[in-house]
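Undergrad: Please find one structure pasted underneath; my questions will follow.
The values are calculated or read from the model by the stated rules, or taken from the named source; none is laboratory data. Note that the coordinates shown come from a computational prediction; the quantities given were computed from them, not determined experimentally. Methodologically, a virtual Cβ is constructed for each residue, glycine included, from the backbone with ideal geometry; neighbour enumeration extends over all protein chains shown. Protein only, heavy atoms only, side chains kept; ligands, DNA and RNA dropped before computing areas. Shrake-Rupley method; radii C 1.70, N 1.55, O 1.52, S 1.80 Å.
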Amino acid sequence: KSDDLEIQLERGRAYLRLGDIRRSLNQAAEAEKAYQQAVSVFTKLKTQAAKGPDAPRGLAISKIKLGILYDELGDPDKSSEIYQETIKQLREMKKQWPDDESLLKTLASALSNSASLHAKRGQNREARAKVLESLELFKEIQSASSRDPEMAIERANALNLAGIIHFQEGQVEKAGDTFREGVSQFDQLLESDKENPDYLQSRAALLISLA
């Protein structure tokens, strides 16, 4: 039975990867379908009382990716609804599995994406609260995942947003410190991977904000 569970979990992850590929190719309808299929797989596993955080975490990741997609498609209301629901669920899961690093990373990602959406809508108070909570979570898991490329980029995006909000609130020095923290992170990562395009792009975005 444990083998069957792992096969089904991998099936859900495969749909997530397919959705990412479709999204990168600007095939929004196909990406949405793949993410919805992942939601279906992980929901079924969760309702079948599969033990551990894998299925509910996979469900949360699927919903976050749908939220990102709907935001890109110009449906911020649908995206916001998904984020709020998913963040609420992840906070409850955090109580149940407080030491699960992947779960903390997923919650940090959901908060960061939700903060970005709030900022786009001019809701700076909500954006500030969520991006700072996101950064606290990234800080909590950074030492164990300092070489996780995906996490590093998401943290950089959160730092960039936090810096912009600080600047808009007139906290210029704090904004500069926040931007420099992100640049420093990528300087360290680039020491071992000098041509990584994602690192270079994220670092450049922070430098533009710092300027």
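Undergrad: What's the number of the condition LYS105 fails, among (1) at pLDDT 95 or above; (2) crowded, with 22+ Cβ neighbours inside 10 Å?
TA: Every condition holds for LYS105 apart from (1).
Undergrad: Consider only pairs whose beta carbons are under 6 Å apart and that are at least six residues apart or on different chains; among these, list those whose first residue lies in segment 63-84 and is on the phi > 0 side of the Ramachandran plot and open to solvent by 10 Å² or more (accessible area, probe 1.4 Å) and whose second residue is of a type outside the set (Val, Ile, Thr) and not in a helix (DSSP H, G or I).
TA: So the pair list comes out empty.
Undergrad: Output the qualifying pairs, or none if there are none: Cβ atoms under 6 angstrom, residues six or more apart or on different chains, first residue in segment 134-160 and over 21 Å from ARG91 (Cβ atoms) and modelled with pLDDT of 80 or more, second residue β-branched (Val, Ile, Thr) and buried (at least 18 other Cβ atoms within 10 Å of the Cβ).
TA: Going by the 6 Å Cβ cut-off, the qualifying pairs are LEU159/THR178.
This table checks each residue for (1) over 14 Å from the mean Cα position of the chain (by Cα); (2) open to solvent by less than 90 Å² (accessible area, probe 1.4 Å); (3) over 26 Å from TYR83 (Cα atoms).
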position	(1), (2), (3)
ALA127	yes, yes, no
ALA156	no, yes, no
ILE165	yes, yes, no
ARG180	yes, no, yes
GLN188	yes, no, yes
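Undergrad: Report every pair of residues separated by at least 6 positions or lying on different chains whose Cβ atoms are under 7 Å apart, first residue within segment 15-37 and of a type in the set (A, V, I, L, M), second not in a helix (DSSP H, G or I).
TA: Close Cβ pairs (under 7 Å, with a partner that is not in a helix (DSSP H, G or I)) amount to ALA28/LEU73.
Undergrad: Say whether the condition of being under 17 Å from the mean Cα position of the chain (by Cα) and free of Cβ contacts under 8 Å to residues at least 40 places away in the same chain is met by at least one residue in segment 40-55.
TA: no
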